[in-house]
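Read through the structure below, which is laid out as structure tokens, and then see the notes.
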Amino acid sequence: MNKLVILFLLLSCTLSAQKKRSDKELKKFEEKSLKYFKTVFGEDDKSFNISKAPNKWKDKAAVVLFQKIHIAFLRNTFTDKNSTRGIIRKKILLQDKSAIEDFAEYFFQPSDAGGIKIIKANGEKLTVDLKKAIKVETEVPDRYKDDFHSENFYKIAIPNLEVGDIIDYFKVFTQDYSNNIELIATLNSSIPILSQQIIFDVDKHWTFYYNSINDAPEFVQDKKGGIDLKGRRRKIVKRFVLNDSNRPAEQKERWKPRFKTEPCIKIMAIQQNGFMANKKEPIQKTLDPKDVLKSGISTFKLYIQSFQKNVENELDGKSIKKMNAQNRVETIYRGMRLAFLKLNISKENLNLIEDGFTESLSHYYYEIRSEIFAGTFVKLLDKYELDSDYVIATPKYYGTLDEVTTLKEIIFGVYVPETKEYYWPFDNYLSPGSSIEGIDGTKALTIHQEKLGRRKGVFQNVDLPKSDYKKNIITNNIDVSIEDKTTSFACNLTFEGSFKKSYSPKILYHTEYMLDEILFLKNKKDGKSLLDKKKKKKKNPNKQLKKTLKSYDELNDDKSEIIENFISEDFKVDKFETYSINKNGVENKSSPLELSYSFSSDQYITKAGPNLFLNIGELIGGQVELSDTELEKRRYSAELNFAKSIVNNINITLPEGLIAHGLEDLKINVDNSIGSFISTVTQEGQTLKISTSKIYKNEIVSAEEWSNLVKMLEAAYDFTQKKLVLKQK
Amino acid sequence: MNFKNPLLRIGFIILTFCYVSSSSSQEDLIITESNLNVSFDLDSNLDPVASYSYHICYEYNGVIDYSFSKAIFFDNNSEIKNLVKRSGKKMKKAKIKPVISDYQSEGIFHSDLKLMYFEHLFKESENRLCIEYTKEINDIRFIDPIYFHDVCESNIIKVNITVPKWLDLKTVEINFNKTDQKIKIVKNKRKTEYSLSNIPKAFTDRYEPSRSCVYPHIILVPQKIRQGSDQIDIFSDVGDLYGWYSDLVSSVSNNTQKFEELVSELTKNKTSDLEKVKSIYYWVQDNIRYVAFEYGIMGFKPEDCQSVFGNKFGDCKGMANLTKEMLKLAGFDARLTWIGTTDLPYNYNIPSLVVDNHMICTVFLDKEKYYLDPTEKYGDFGKNAGRLQGKQVLIEDQSNYIIDSIPFNGGKDHSYLFTGNFDLNIDQLVGEAEIKLTGDQKTNVLNSIFSMAQNDRMDFVRNFTASFDKNYEVDIDTYPNEDYRDKNFLLEFEMIKKNSVINLENEVYVNLEIGNEFGGYSIDEDRITPIKTSSPVFIKKVITLNIPNAWKINYIPENLQIANENYRLNLNFKQIDSTITYTKTIEIVNGILMPKDFDKWNSDIKQLSEKYEDTIILEKM
């Protein structure tokens, strides 16, 4: 047969096969859906008979009349494999046109099962024919997504949808799982929920942890048991049921800690051989973090031993022993981080870094698992004759340690009595002794490293150090000169304390800091000149070097653009000139991350009749703009990542012949128990010195104290609107 | 748009298209040569088919390995055949196993557009790739326009069009005067060759007009087929185009029974024909959701009216058809109407399917024609959306057709009018104000309001009234309801303008600017694509300041007057007795700004922005 004809046939077959596959998928979906229909849409499920929403929610776009979420952790006794099946059914009343638009399309995945009905105001029920659905490549609304499948969705436009209609849809998803399933969810959503039921069925060979917090109703065990893989109701399958009603829509507020304020459930299901599986007591109300630490250290023992060797290769044992305790801890910590990054970076890239070339690590962001960190760190400290304790903490946005139910809520750290510092799992940038998000001021548990696992080992309750606004500081020293209408800026920006963690990924975009670490640990001093030497030496660079140099230049251009974009978030940059990273801040807790940069702009001086305006307020960068609603009221406490200070020291050199008016207007002093915004102005000859200090004194602000924070934030915003009048003398 | 339109695909077409994974590597990729041979043949049923045979060679000059993705688009009327590549040091020929998937454009619910793509890894040592394939179009009415620009830079592009004796083909060259490249055209009896060299890559930018408005391209119009002494007209003129449309429309089996009662209900208490028409038109706007379909012939053929009515959704054709049938039922002369919106730079001198991308309904009432676009939610009867204004329409007229144009009135049909009267109160301005909106300005805001949940609407209105600026405090408690048609959209409110007064005891600086429209809106100097606003713009704000007793005016800013064919920017300050009136008028005439005008725009915007910052200076007497 002619080759062209064959190719044509192949192409045609591909297309027609696709179409057939698509039809087959939908047919299978329909069959499955019918099978589950009785389970889920059974007319005997009287909970779904509700058809009216209470009057109090009449101005809401939609109301969930009833929803049922049923998740079963199943076991196949024949194959000895576990699986998970979830069924969600929702009945939603659409009360306005925005809801019609919102729910106008129904999305589903054909490997699962699902269906949708419309219940008209007169009670008529219309089943939507899903056979007309089409495959979608575009974005799918969150409400139809789950973490179980990544395959393509289908969608259908729901016909004849009107205000007053009720949509009644269900979705079934199944999955074989080899990992833990961890879930923390609020009981409310963006739509008010009149009534809901959440059911978990747990078969043998699963360990199940469950908890209700923040006044969420408790789960009640149903003694009749749950449904097994074959659909049989069996007592051996444990069933937990939570009934909830009258749940208003979640109220969104800035800096609101959702999992501490909204009623939540936490669950974790672990397979028979998974980490923290418990064969003896497979049903647990909460997870004991102490057990997790003990298990973690023993489970990852081999990995810890192996990692410890990697770290030791990075350390110069002899010189470490000569160091004082502080330096010894910091060197070990930095050695661990370097070894960890090296394990994750390709050898080729590592060689380049060691040769003095930078390589983009923006796509290589890593955080060490906290059991590995704590386990390895205490071993190394012990090797270098430093005592230490394990520390168990949970970020405050999850709640407290006694509410812990899932592994992701737990963080392990290490306390070193000799330095009186806590050390936490690092990412690419965290410096030794620096804190991590959410744990400042929380209650934690400690135990001496040797006592872990011993019968007499007792955990101690400790309060982790509170966040201190005097230590978490951003300082920008800004020198401003004016020539005609052009303002030139030379700035020196430093980040200290917890700010470093937020800003390091933006500023240390490439791996100069890694080279610094390599040089530090190898005790080399002139490493950065390696690149220049190499460039000079290679007049006719080989391909590899040519490639690298090109890559290096491109990355430097990229980085310059990244820094310019970063600065442009706060300033109106017309011409970006230079930048340099003076200190990478990864060395230790007190070393700042420091960036210098310069630029010019024509956008700060404007004409004011015969005089000029200097938009002085804009020099402190953008400030929080509270809405009217935020000014008026606050329902929940606000939780900031940490207490902090932001300082601007602005020196403005005015051209000869010009004098500034309106200086008094720049003096602001708002200072209360929650925060402060203070600005001062002095004038020495042609130099104006303006300092602003904005302080969030506490990381948690109660609803009652919110008005004090508002005063501070509004003062800072008002400052940004200030202008100076520059007049001829 | 929901009208099936091959032009919607040109963003991805036609000589080639490549997805590039890394911008820096993309810079190193060029098309060294690209040949497209367009030919025509008759298939086994003696139906004419078109073949687009491509031969494209790429060269990669980067040093880092680069994975290049080549994508080819096709649909139910076309097939991709003979896809092969040559690559490697010996440029060995090999088959390609492409991946085929559906493709969805933003805003289109269902399309038959498909994507065939494959990947090729360029290395420094193996940096050349040539590909060949043929796109066969099995109905020559649907032949693709031919574009030259690609996302890669091209050295040489040649397009050869060979027309057989049995076919009359018209080639229409569009935007050839809008490119710096010289397009060489050699025309022989039945062959035409277009060639051009050093073609920069096509860019994609925000707010750009459709590519058909900007890039040079060729539209091929198959006019006639000759078979012996017979000749069959395809699209010899607009009459043929209308004929083809008309046949499709005739094949729609409309049944109006389902909505007879509704039509009767909608019209029963209406005292005039105008009221009856409005009642039906607004019902369709309010109750039928717009869902775009572009699947096969349904890209051109309206869905029957009973389905659209039953589903409560439809595309523009379905909605226009339902409107027409409801109006006919009520005794009106209503007709389907084809139109190409302002996204298309064509008129009916080109009898081709590419000239239309939308359908509306025209109703004849008291010898007047009214254009009804039911997809324009909250649109007033007798007012036309900006995207339709100035465009030709093709209106049904039984076996004949009518060509007309929708009037173009620039931005004035779509105005934002603000009036405010303020007093000075220490360091702020306090007063009363109102906002009136018409045309697209009004429908856009109403769409925003009613797309929100009820409990969020008042906040939106408050923020909109305050120009989304924290420095304006407004006191407003009501917003328009959905019956706001045929009335002025009016918001009346009290307003405090903060941070606009600098009080230096004997001297007060007052800034009267409100809204700061286009302030700082300079265009990136590297931009090479035009900019299009969604509809023409007309903003007029009149702000009056009452001068307090014991103060005199020391300085009033000079007026700013900038006017050209594209826009007018006027800021006018006028003192009358103890008041100063600041009048701002901004008009963007046709909504498109070409790159040649960017420098002028930037310089004008700089002046405008500076003037926005300028102040009135009052001095204590």
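The values are calculated or read from the model by the stated rules, or taken from the named source; none is laboratory data. The shown structure was predicted, so the numbers you read here are calculated from the model rather than taken from an experiment. Please note: Cβ atoms are built from the backbone with ideal geometry, for glycine as well, and neighbour counts cover all protein chains shown.
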Subset of the stretch A:195-228, residues part of a loop (DSSP other than H, G, I, E, B) and touching a Lys or Arg at 6+ places or on another chain (Cβ under 8 Å), comes to A:ASP203, A:LYS204, A:HIS205, A:ASN214, A:LYS223, A:LYS224, A:GLY225, A:ASP228
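If you go through the stretch A:568-592 one residue at a time, how many are of a type in the set (Gly, Ala, Ser) and either within 14 Å of chain B (Cβ to nearest Cβ) or closer than 17 Å to A:LYS506 by Cα (or both)?
Of all residues in the stretch A:568-592, those of a type in the set (Gly, Ala, Ser) come to A:568, A:580, A:585, A:590-591.
In the following step, the residues that additionally are either within 14 Å of chain B (Cβ to nearest Cβ) or closer than 17 Å to A:LYS506 by Cα (or both) were identified as A:568, A:580, A:585.
Adding up the residues that qualify gives 3.
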task = Answer yes or no: is there a residue in the stretch A:254-263 that is assigned to a helix (DSSP H, G or I), over 25 Å from A:VAL63 (Cβ atoms) and either free of Cβ contacts under 8 Å to residues at least 60 places away in the same chain or not assigned by TED's automatic domain parsing to the domain that holds A:HIS448 (or both).
result = yes
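Go through the residues of the stretch B:486-497 one by one and say whether even a single one is within 13 Å of chain A (Cβ to nearest Cβ) and either surrounded by fewer than 16 Cβ atoms within 10 Å (Cβ to Cβ) or outside any loop (DSSP other than H, G, I, E, B) (or both).
At the first step, the residues of the stretch B:486-497 found to be within 13 Å of chain A (Cβ to nearest Cβ) are B:496-497.
From the residues that got through so far, the ones that are either surrounded by fewer than 16 Cβ atoms within 10 Å (Cβ to Cβ) or outside any loop (DSSP other than H, G, I, E, B) (or both) too are B:496-497.
The answer is yes, given that some residue of the stretch B:486-497 is within 13 Å of chain A (Cβ to nearest Cβ) and either surrounded by fewer than 16 Cβ atoms within 10 Å (Cβ to Cβ) or outside any loop (DSSP other than H, G, I, E, B) (or both).
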So is B:ASN347 modelled with pLDDT of 90 or more and outside any strand (DSSP E or B) or not? yes
Within the stretch B:63-75, restricting to residues that are surrounded by fewer than 20 Cβ atoms within 10 Å (Cβ to Cβ) and more than 21 Å from B:ILE157 (Cβ to Cβ), the one that is farthest from the other protein chains (Cβ to nearest Cβ) is B:SER67
Query - Selection status of A:GLY86, within 30 Å of the chain's Cα centre (by Cα) and away from chain B (no Cβ under 13 Å) - result: yes
- Task: Kindly indicate whether any position in the stretch B:543-557 is within 14 Å of chain A (Cβ to nearest Cβ), more than 13 Å from B:GLU517 (Cα to Cα) and either free of Cβ contacts under 8 Å to residues at least 40 places away in the same chain or among the small types (Gly, Ala, Ser) (or both).
- Result: no
Apart from one, (1) surrounded by 19 or more Cβ atoms within 10 Å (Cβ to Cβ); (2) touching a residue at least 24 places away in the same chain (Cβ under 8 Å); (3) of a type in the set (A, V, I, L, M, F, W, C) all hold for B:VAL430; the odd one out is (1)
Only unsatisfied item for B:GLU208, checking (1) acidic (Asp, Glu); (2) without any contact (Cβ under 8 Å) to a residue 40 or more places away in the chain; (3) closer than 30 Å to B:PHE598 by Cβ, is (2)
When the stretch A:657-667 is checked residue by residue, the ones that are more than 14 Å from chain B (Cβ to nearest Cβ) and not aliphatic (A, V, I, L, M) are A:GLY657, A:LYS667
Checking B:PHE489, B:PHE493 in turn, the sole residue that is touching a helix residue (DSSP H, G or I) at 6+ places or on another chain (Cβ under 7 Å) and either touching a residue at least 60 places away in the same chain (Cβ under 8 Å) or under 30 Å from B:ALA202 (Cβ atoms) (or both) turns out to be B:PHE493
- Query: Within the stretch B:452-459, can one find any residue that is surrounded by fewer than 16 Cβ atoms within 10 Å (Cβ to Cβ), within 12 Å of chain A (Cβ to nearest Cβ) and either touching a residue at least 12 places away in the same chain (Cβ under 8 Å) or among the polar types (S, T, N, Q) (or both)?
  - Reply: yes
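Okay, residues lined up against (1) out of contact with any His (no Cβ under 7 Å at 6 or more places or on another chain); (2) part of a loop (DSSP other than H, G, I, E, B); (3) surrounded by 18 or more Cβ atoms within 10 Å (Cβ to Cβ):
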| position | (1), (2), (3) |
| --- | --- |
| A:ILE372 | yes, no, yes |
| A:ASP382 | yes, no, no |
| A:PHE412 | yes, no, yes |
| A:SER431 | yes, yes, yes |
| A:LYS470 | yes, yes, no |
Scanning the stretch B:559-582 for residues that are surrounded by 16 or more Cβ atoms within 10 Å (Cβ to Cβ), out of contact with any Ser or Thr (no Cβ under 8 Å at 6 or more places or on another chain) and not hydrophobic (A, V, I, L, M, F, W, C) gives B:ASN566, B:TYR567
Residue check: is A:ASP165 among the acidic types (Asp, Glu), under 24 Å from A:LYS58 (Cα atoms) and within 13 Å of chain B (Cβ to nearest Cβ)?
yes
When every residue in the stretch B:548-567 that is part of a strand (DSSP E or B) and touching a helix residue (DSSP H, G or I) at 6+ places or on another chain (Cβ under 9 Å) is compared, the one farthest from A:ALA608 (Cα to Cα) is B:TYR567
The one condition A:SER676 fails out of (1) touching a Leu at 6+ places or on another chain (Cβ under 6 Å); (2) within 22 Å of A:LYS471 (Cβ to Cβ); (3) of a type in the set (S, T, N, Q) is (1)
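Matching residues to (1) farther than 19 Å from B:PHE573 by Cα; (2) basic (Lys, Arg); (3) buried (at least 16 other Cβ atoms within 10 Å of the Cβ):
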residue: B:TYR509; (1), (2), (3): no, no, yes
residue: B:GLU513; (1), (2), (3): no, no, yes
residue: B:GLU525; (1), (2), (3): yes, no, no
residue: B:PRO536; (1), (2), (3): yes, no, yes
residue: B:THR544; (1), (2), (3): no, no, yes
residue: B:ALA550; (1), (2), (3): yes, no, no
residue: B:PRO557; (1), (2), (3): no, no, yes
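Taking helices (runs of 4 or more DSSP H) that do not extend beyond the stretch B:193-301, which have at least 2 residues that are within 14 Å of another protein chain (Cβ to nearest Cβ) and either touching a helix residue (DSSP H, G or I) at 6+ places or on another chain (Cβ under 9 Å) or surrounded by fewer than 15 Cβ atoms within 10 Å (Cβ to Cβ) (or both)? Give the steps one after another, and end with the answer.
Values: elements: B:238-250, B:260-267, B:273-287.
By residue number, B:273-287.
Just to check your reading of the model, which residue among A:LEU619, A:LEU631, A:LEU654, A:LEU595 is modelled with pLDDT of 90 or more and within 14 Å of another protein chain (Cβ to nearest Cβ)? It would help to see each step written out before you state the result.
Values: A:LEU619 fails: within 14 Å of another protein chain (Cβ to nearest Cβ); A:LEU654 fails: within 14 Å of another protein chain (Cβ to nearest Cβ); A:LEU595 fails: within 14 Å of another protein chain (Cβ to nearest Cβ).
Only one candidate passes the filter, namely A:LEU631.
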